[in-house]
Amino acid sequence: MDETVAEYIRRTILKIPRDEIKTVLQKWHFLSETQLETLNFHQIKENISQDVVQLCEENSAGIKQAAALDIIYNHIYPDKRVWSVYQMNKTGEETELFDVTDFKKKFKRQLRSALKNVTISFREYEDNAIWIRIAWGTPYTKPNQYKTSYVVYHSQTPYVFISASVLRSNLPLLCQALVVASNYHDIRQMELRSHSLNSLKDIVFKRYSQNFQTYRPRQLQESNVAPTNVDIRIIPENRNEKERIWRLNREVFGDGAQPKLEFAQYKLETMFKSDPKMDILNQKEPFRCLIKFSSPHLLESLKSLAPAGMADAPLSPLLTCIPQKARNYFKIREKKDLFPESFVNP
């Protein structure tokens, strides 16, 4: 077995939590059950990784097997990467039967026609998702297995999720290969990124809205019951305000769990003007600033602001439109209309 392959397998094993190494290896299906039984999963991970490499040596593992293990790891732990959403387009409404074999063949042919030193691996999953792993080289160097691009494509949809460690010059090659292989005509990057791949899917596939309930949860009903030891003269006002906040919050966010996004970014461009006689702020260049909201779970944090009394209800549409607009990057420019062009027509 090549030393590069052995080292790559060892490092992949070290990334996996010790209690889950056996499960990952079983999904790999490269080591036999008999070989797995010889492994001591209670020792330190360094020793486990060396023992796994020894078994792979016996089975003559190559880069194909190492890449398959890496795909399995990234499928189980997709939140370790940052994912960007791309949308492909067709002219007309024609529909075609999807052939996964044809897709793989076209993808490989298109990419390798532009760059020969590249490693391409595929793995299919039960939700019609095709995972693609690409390790990039150059015309003079072998593919770097430690700087890989990942693509998740759901057949019969126009959406592609890409997590890329790729030179800027190689990204157009990747996009072109996707367009050709999937029989679309063009592709564009959406202003939507997150560590949570599943949440990105929920947003673009509109799955999060299925969590919205049409009834008022009992917990919320009980929370608005007036305490017996509070002055009865202020209870109706507090209750009405709680009702108003709850109603407005529910209209915006619904009752279900929100998709998980870690940030939302807003770029503002505006012109400051002063009295013509003063001639102080009449600058040709606009004033620019960047505002970024971040949280481990941004949408749930926004949802809790008004009920917690930390913000007025309803929140600004610039914050609440994120899942509906399917974006968390915004550019806000001056215009005569009520809302900026980039916000109304992203």
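Neighbouring Cβ atoms within 10 Å as the yardstick, rank 303, 242 fewest first.
Working: 303 20, 242 14.
Least to most surrounded, the residues fall as 242, 303.
For the residues 120, 291, 44, what sequence is obtained by ranking on other C-beta atoms within 10 Å, fewest first? Don't jump to the answer; show the numbers that get you there.
Details: 120 17, 291 12, 44 8.
The fewest-first ordering by Cβ neighbours comes to 44, 291, 120.
Please work out the FRET efficiency for the pair residue 102 and residue 46, using the Cβ-Cβ distance as r and a Förster radius of 45 Å; give the result to the nearest 0.05.
Taking R0 as 45 Å, the efficiency between residue 102 and residue 46 is 0.55.
Can you compute the equivalent ellipsoid semi-axes for the range 3-76, i.e. the square root of 5 times each eigenvalue of the Cα gyration tensor, sorted largest first and rounded to whole Å? Don't skip to the end; give the middle numbers.
Details: eigenvalues 48, 38, 30 Å².
For the range 3-76, the semi-axes come out at 16, 14, 12 Å.
Once both labels are modelled 7 Å past Cα along the beta-carbon direction, what's the residue 186-residue 271 spacing in nm?
3.0 nm
For the range 114-122, in order, what is each residue's ³J(HN,Hα) by Karplus, 6.51 cos²θ - 1.76 cosθ + 1.60 with θ = phi - 60°, in whole Hz (x at glycine and Pro)?
9, 8, 6, 7, 8, 9, 10, 10, 10
Karplus couplings for the range 251-262 from phi (6.51 cos²θ - 1.76 cosθ + 1.60, θ = phi - 60°), rounded to Hz, Gly and Pro as x?
So the J values, rounded to whole Hz, are 4, 8, 9, x, 9, x, 5, 8, x, 8, 10, 9.
Residue 41's amide H: which non-local residues (gap 5+, or another chain) put their own amide H closer than 5 Å, with H modeled 1.01 Å from N in plane and none for Pro or chain starts?
So residue 41 has HN proximity to no qualifying residue.
Can you list residues from other chains, or at least 5 along the same chain, whose modelled amide H is less than 5 Å from the amide H of residue 255?
Hits under the 5 Å cutoff: 213.
Explain nothing, just compute: Karplus ³J(HN,Hα) = 6.51 cos²θ - 1.76 cosθ + 1.60, θ = phi - 60°, for every residue of the range 293-310 in order, whole Hz, x for Gly and Pro.
Karplus-based 3J(HN,Hα) across the range 293-310 equals 9, 9, 6, x, 8, 4, 5, 5, 5, 4, 4, 8, 4, 5, x, 7, x, 9 Hz.
Would you mind ranking 72, 9, 245 so that the residue whose beta carbon has the fewest other beta carbons within 10 Å leads the list?
Values: 72 21, 9 24, 245 18.
Fewest-to-most Cβ neighbours within 10 Å comes out as 245, 72, 9.
Bear in mind that the values in this text are calculations on the coordinates, not laboratory data. Source: prediction; values computed, not measured. Glycine gets a Cβ as well: all are built from the backbone with ideal geometry, and neighbour counts include every protein chain shown.
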